[in-house]
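Single-structure report; data block below.
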Amino acid sequence: MQLPVITVIISTYNQPQWLQKVLLGYENQSINNFEMIIADDGSGEDTKKVISEFSKTTKFRLEHIWHEDQGFRKTEILNKAIPLANTDYLLFTDGDCIPRKDFIETHLRLRKPGWFLSGGYFKLPKDISKQISKEDIESQRCFDANWLKGQGLPPSFKLNKLTSKGFKERFLNFITPTKATWDGMNVSGWKKDVLLVNGFDERMQYGGEDREIGERLFNLGIKAKQIRYSAICLHLYHERGYVQPEMITQNNAIRKVTKKDKVIRTPFGIEKD
């Protein structure tokens with residue numbers, strides 16, 4: 001087995017059916033010199049069972065870290081995962097995002113010192129999310145725009161994420177009005193840079209908690225490269241019942257200080273100051 005050169009850190013919370021599909025996506029990557037850490041924000045036994053069964057047959061190193069469910073503590077479990085990575089490059093994503101087979105290969109190919117990579121995702125409605133099968137992932141037809149349209153997905157410009165290659169892919173990355181940010185569904189960067197900013201700010205609740213670490217990386221002098229038409233994952237449908245206005249308000253206040261004071265290292269991160 002090849003030594004891993006990249007660590008995939010997947011955050012999850014009580015979505016065992018989706019996580020099973022996502023893990024299949026990683027089992028079918030074009031390369032296998034990676035390791036995986038599942039950062040579990042307090043899921044129940046069903047999630048543990050999915051991971052346990054999968055780990056019996058998988059060809060890559062898989063570690064499952066878990067803490068008790070005490071509300072949204074994604075930043076805390078991610079901060080526990082980061083120091084456990086055995087590689088110098090980290091790819092962060094979520095347990096409801098199925099990676100295309102070239103997902104990890106693309107992040108590795110495009111990485112460069114002093115930068116992080118900001119990828120994209122393609123959102124699916126509930127009915128198509130449910131019907132995607134093991135065979136659809138193994139054959140990669142679930143990433144085929146015509147197959148998705150055949151399942152009832154309406155045509156849209158966003159389908160370009162699935163169909164763009166070569167010049168078109170690079171051109172769309174260049175002209176997109178969407179800024180390259182640290183979006184936890186699909187982002188990669190150097191472990192040393194993440195440690196320099198002390199990981200995620202654990203005061204952050206849902207809503208912008210990923211963006212804030214990116215803003216501190218910008219303050220450190222790290223740049224972001226847009227690869228939303230290159231590194232592709234399918235975002236499976238889920239409700240957002242856990243979003244509360246006060247979370248967003250608190251997060252916005254923290255981010256405002258980060259930008260205004262050009263904060264680089266949070267005292268509420270991996271190491272507690």
### Query
Could you give the length gained on full extension between residue 219 and residue 27, defined as 0.36 nm per residue of separation minus the Cα-Cα distance, in nm?
65.5 nm
### Message
With +1 assigned to the C-beta of every Lys and Arg and -1 to the C-beta of every Asp and Glu, and no other charges, what is the dipole magnitude of the chain about the Cα centre in debye, to the nearest 20?
### Response
1220
### Message
Nothing charged except the Cβ atoms of Lys and Arg (+1) and of Asp and Glu (-1): what's the magnitude of the dipole of the range 130-181 about its Cα centre? Round to the nearest 20 debye.
### Response
240
### Query
Hey, what did the chain get for relative contact order, percent, Cα under 8 Å, at least 6 apart?
24
### Query
Which lysines have a Cα less than 17 Å from the Cα of residue 49, not counting those fewer than 8 places away in the same chain?
21
### Query
Under a Cβ-Cβ cut-off of 11 Å, what is the net charge of the residues other than residue 60 that fall near it, where Lys and Arg count +1 and Asp and Glu count -1?
-1
### Query
Fewest first, what order do 41, 69 take by the number of other Cβ atoms within 10 Å?
69, 41
#### Entry: Surrounding net charge for residue 215, when Lys and Arg each add one and Asp and Glu each subtract one, Cβ distance under 9 Å
+3
### Query
Averaged over all directions, how much area does the convex hull of the C-alpha atoms of the range 72-188 cover when projected, in nm²?
9.2
### Query
Do the sum for the chain: with -39,500 (n - 2.57) for every DSSP H run of n ≥ 4, divided by all residues, what is the mean residue ellipticity at 222 nm, to the nearest 500 deg cm²/dmol?
-10500 deg cm²/dmol
### Task
Could you tally the net charge around residue 136, taking each other residue with its Cβ under 13 Å from the Cβ of residue 136, Lys/Arg +1 and Asp/Glu -1?
+3
### Query
What is the distance, in nm, between label points placed 7 Å from the Cα along the Cα-to-Cβ direction at residue 185 and at residue 238?
1.1
### Message
Check the chain for me: any Cys whose beta-carbon has no other cysteine beta-carbon within less than 4.7 Å?
### Response
142
#### Entry: FRET efficiency for residue 45 and residue 144, using Cβ-Cβ distance with R0 set to 35 Å, rounded to 0.05
0.50
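Just so you know, all these numbers are worked out from the coordinates, no wet-lab data involved. On a predicted model such as this, the values are computed, not experimentally measured, just so you know. In this analysis, Cβ positions are derived from the backbone assuming ideal geometry, glycine residues included, and neighbour counts consider all displayed protein chains.
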